[in-house]
1. Which condition number in (1) farther than 17 Å from LYS261 by Cα; (2) crowded, with 23+ Cβ neighbours inside 10 Å; (3) in contact (Cβ under 8 Å) with a residue 60 or more places away in the chain is the one that ALA192 fails?
2. Counting just the residues of segment 210-225 that are under 15 Å from VAL170 (Cβ atoms) and touching a Gly at 6+ places or on another chain (Cβ under 9 Å), which one comes out surrounded by the fewest Cβ atoms within 10 Å (Cβ to Cβ)?
3. From ALA228, ALA246, grab the single residue that is surrounded by 21 or more Cβ atoms within 10 Å (Cβ to Cβ) and in contact (Cβ under 8 Å) with a residue 12 or more places away in the chain.
4. Among the helices (runs of 4 or more DSSP H) lying completely within segment 70-167, list those that include at least 3 residues that are surrounded by fewer than 18 Cβ atoms within 10 Å (Cβ to Cβ) and in contact with a strand residue (DSSP E or B) (Cβ under 8 Å, 6 or more places away or on another chain).
5. Is it true that LYS196 is charged (D, E, K, R) and touching a helix residue (DSSP H, G or I) at 6+ places or on another chain (Cβ under 8 Å)?
6. Which numbered condition trips up THR207, out of (1) among the polar types (S, T, N, Q); (2) in a loop (DSSP other than H, G, I, E, B); (3) in contact (Cβ under 8 Å) with a residue 40 or more places away in the chain?
7. Give the residues of segment 169-205 that are closer than 20 Å to GLU128 by Cβ and β-branched (Val, Ile, Thr), sorted by residue number.
8. List, please: which pairs have Cβ atoms under 7 Å, are six or more places apart or on different chains, and start with a residue in segment 42-69 that is touching a residue at least 24 places away in the same chain (Cβ under 8 Å) and end with one that is in a strand (DSSP E or B) and loosely packed, with under 14 Cβ neighbours inside 10 Å?
Amino acid sequence: MKTRLWITLTFLLAGFFSTAQDKSMFRKETYISGNDTLPYRILMPLHYDASKKYPLVLILHGAGERGNDNEAQLVHGAYLFLKDTVRKNYPAIVVFPQCPAESYWSNVKFNYDNPGGARAFEFLADAEPTIAMKLVQELLYRLLKEYAVNKKQVYVGGLSMGGMGTFEMVRRNPKLFAAAFPICGGGAAATAPLMKKVKWWVFHGDTDDVVPASLSTEMVNALKMAGADVKYSLYQGVNHNSWDNAFAEPGLLPWLFSIHK
């Protein structure tokens, strides 16, 4: 009995340390602009060679992972990019910035004056970028200069607040990205024509009670009307955690890395 227990504990500890080691492969960095700071984690390709060019993937986390610990933003999605098969088949520079606790990726106004106190979202298409959006844009352009990035393979994706940030990031930088994959997010539908040259895969759960699926549906319809190439996965019976389904999609990375501007 003791031997069996010891073996079980050994496997559990091995798994724990393996997980910790994997996360540490995302190097801790900080971007500073004036009095503002943006922590971020960066995963470099295996055997990085500055004489080659690599895709760059920017992932924007949700509101629950905001802060300055430079850890929480890796909770969702990071381990997909740490898989041995992924690192071997899709060598890329992967960046997870962390939004400050007092900021938000997207410039959105929350309205609670609705029946039942339900939260409504108003995306401010004409407003200045938030501090977090300003910082992440500056960071991205710096990384494009510092590293050997294939400018035809720059991608962005994100979940919840990060899904909203994905739409806004593309809208503010329409010529930069080849593809985008917002998860349980939303955006200003009127800005869809600005984003029509980017290829999209949009994800949402149809029972989402935090960010209504109608926000993604509205963006998908607007993008299609503008002539964009859009895929839409609306998961039946899935609530707000549709990122679990999206990151488990076997076709996500093959689709993403096949796209060039």
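The values are calculated or read from the model by the stated rules, or taken from the named source; none is laboratory data. Because the structure is a prediction, the values reported are computed rather than measured. Backbone-built Cβ (ideal geometry, glycine too); neighbour counts: all protein chains shown.
1. Among (1) farther than 17 Å from LYS261 by Cα; (2) crowded, with 23+ Cβ neighbours inside 10 Å; (3) in contact (Cβ under 8 Å) with a residue 60 or more places away in the chain, the lone unmet condition for ALA192 is (3).
2. Restricting to residues being under 15 Å from VAL170 (Cβ atoms) and touching a Gly at 6+ places or on another chain (Cβ under 9 Å), the top hit is ALA222.
3. Numbers: ALA228 fails: surrounded by 21 or more Cβ atoms within 10 Å (Cβ to Cβ).
Testing whether each residue is surrounded by 21 or more Cβ atoms within 10 Å (Cβ to Cβ) and in contact (Cβ under 8 Å) with a residue 12 or more places away in the chain leaves just ALA246.
4. Of the helices (runs of 4 or more DSSP H) lying wholly inside segment 70-167, those with at least 3 residues that are surrounded by fewer than 18 Cβ atoms within 10 Å (Cβ to Cβ) and in contact with a strand residue (DSSP E or B) (Cβ under 8 Å, 6 or more places away or on another chain) span 131-146.
5. So LYS196 fits the description; yes.
6. (3)
7. Selection gives VAL170, THR191.
8. Cβ pairs passing all conditions: ILE42/ARG27.
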